[in-house]
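In what follows, a single structure is set out as structure tokens and then discussed.
The values are calculated or read from the model by the stated rules, or taken from the named source; none is laboratory data. Computed from a prediction, not measured in an experiment: that's the story for all the values here. Positions of Cβ are generated from backbone atoms using ideal geometry, with glycine treated the same way; all protein chains shown enter the neighbour counts.
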Amino acid sequence: MVYAAEEQRYEKLPYRRVSDSGLILPAVSFGLWRNLGDQMPLENSKKVILKAFDSGIFSFDNASNYGPSNGTAEETFGQVYKHDLKPYRDELVITTKAGYHMWPGPLGEFSGKKTLTAALDLSLKRMHLDYVDIFYAHRWDPNTRLEETAYALDLLVKQGKTLYVGVSNYTAEQTEAIAKIFAKLGTPFVGNQVSYNMLNRTAEADGLLDVLDTNHAGLIAYGPLAEGLLTDRYLNNIPDDYPIHRTNEFLFENGKEVLVSKLNALNQVAAERGQKLSQMALAWLLKDERVASVVIGASKVEHLVDNLAFSDNMTFSDDELKRIENILK
Ligand SMILES: NC(=O)c1ccc[n+]([C@@H]2O[C@H](COP(=O)([O-])OP(=O)(O)OC[C@H]3O[C@@H](n4cnc5c(N)ncnc54)[C@H](OP(=O)(O)O)[C@@H]3O)[C@@H](O)[C@H]2O)c1
């Protein structure tokens, strides 16, 4: 059957300009990190991706190493793109990244020129694309000169393989340093994709939001639900085999019970706002205009639909904000 996108899709979800660039992102983007790769039947992945697009999510986030097995998330997206989304290419913001371990040998990771250029070529092939919209250096490279990383990203823009560039997991200081080089080169740098959610506020403490704003870029928040912790899934307990991401490991420092009681207190505030915890968590991040988009992951259509209802209530009273701060202390 030929896919036809939902006609009302742009009336469902707010979207935002990234600083004063020409790039516009949906308030919520959809990421394919570990939910829709090789362990998931393609038909299921297709359902979730197309539901996202029908719901107003026109930005899809990938990386060379996403899967679980390297490259398989991009391949999944590529299949859905080739068969269903290709006619909509001009509406889509497709992003990918390179820098975590991608292929054997010392050149299969980090941000040297050869690694970044080879990685993007492979990503384009896997996704059946001529270009991506944002190409990110996925992590800070302690050994490669920053100029080389910046020049490589700039070159990829000049070659037409990406329209914009970004960095990911860079601190405020590292972001400031590369932004200066981009400014000299005239590279269209649009943002830093970092872990940011109610429970993980490093981006605020570090001054990253301000640095990005000053440099005409936005913050793209990944893991906005703290990998599912900020949903009603873990209100009773967090199982021992819970696969926590390294950026969230510190959340278990005081024991899982302490975290579970915080989640319940947050859930109470959400309920009083007429929302689920996940919906409040997304609205809470998006109250700051410097957050250009939040990148969610889901392997179930019900989860996606549930979360997107966040836009029914995006404003917070001072009292709600105070209560939330007290819980998060
Ligand atoms: N730049 C980086 O280094 C980096 C690192 C990590 C992630 N990211 C990006 O951010 C994206 C999202 O990351 P994430 O997957 O950690 O995001 P997340 O949205 O915080 O968490 C997704 C998890 O939450 C669960 N979930 C979502 N909605 C739910 C609901 N209503 N009820 C119960 N459970 C729910 C999902 O379960 P189901 O699968 O069962 O639906 C999934 O396990 C990634 O795909 C990737 O694009 C980037």
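Below is a table of values for the structure above.
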{"read-out": "Meets criteria (outside any helix (DSSP H, G or I), of a type in the set (Gly, Ala, Ser) and under 21 Å from the mean Cα position of the chain (by Cα)) for Ser111", "value": "yes"}
{"read-out": "Test result for Arg273, basic (Lys, Arg) and within 20 Å of Gln193 (Cβ to Cβ)", "value": "no"}
{"read-out": "Residue satisfying condition, being more than 16 Å from the chain's Cα centre (by Cα) and in contact (Cβ under 8 Å) with a residue 24 or more places away in the chain, within set Ala226, Ala265", "value": "Ala265"}
{"read-out": "Members of segment 123-138 that are surrounded by fewer than 18 Cβ atoms within 10 Å (Cβ to Cβ) and not aromatic (Phe, Trp, Tyr)", "value": "Lys125, His128, Asp130"}
{"read-out": "Some residue of segment 164-171 being surrounded by fewer than 20 Cβ atoms within 10 Å (Cβ to Cβ), within 17 Å of the chain's Cα centre (by Cα) and hydroxyl-bearing (Ser, Thr, Tyr)", "value": "yes"}
{"read-out": "Pick from segment 18-39, criterion among the charged types (D, E, K, R) and touching a residue at least 60 places away in the same chain (Cβ under 8 Å), ranking: farthest from Ser293 (Cα to Cα)", "value": "Arg34"}
{"read-out": "Test result for Ala281, in contact (Cβ under 8 Å) with a residue 40 or more places away in the chain and within 16 Å of the ligand (Cβ to nearest atom)", "value": "yes"}
{"read-out": "Helices (runs of 4 or more DSSP H) (entirely within segment 131-243) containing at least 3 residues that are within 16 Å of the ligand (Cβ to nearest atom) and modelled with pLDDT of 95 or more", "value": "172-185"}
{"read-out": "Sole residue being hydrophobic (A, V, I, L, M, F, W, C), touching a helix residue (DSSP H, G or I) at 6+ places or on another chain (Cβ under 7 Å), under 16 Å from Leu225 (Cα atoms) and crowded, with 17+ Cβ neighbours inside 10 Å, chosen from Ala281, Ala265, Ala298, Ala309", "value": "Ala298"}
{"read-out": "Residue among Asp213, Asp241, Asp206 that is farther than 23 Å from Ala98 by Cβ, acidic (Asp, Glu) and touching a helix residue (DSSP H, G or I) at 6+ places or on another chain (Cβ under 9 Å)", "value": "Asp206"}
{"read-out": "Flag if Leu304 is out of contact with any Leu (no Cβ under 7 Å at 6 or more places or on another chain), surrounded by 20 or more Cβ atoms within 10 Å (Cβ to Cβ) and more than 29 Å from His216 (Cα to Cα)", "value": "yes"}
{"read-out": "Leu304 being in contact (Cβ under 8 Å) with a residue 12 or more places away in the chain and touching a Phe, Trp or Tyr at 6+ places or on another chain (Cβ under 6 Å)", "value": "no"}
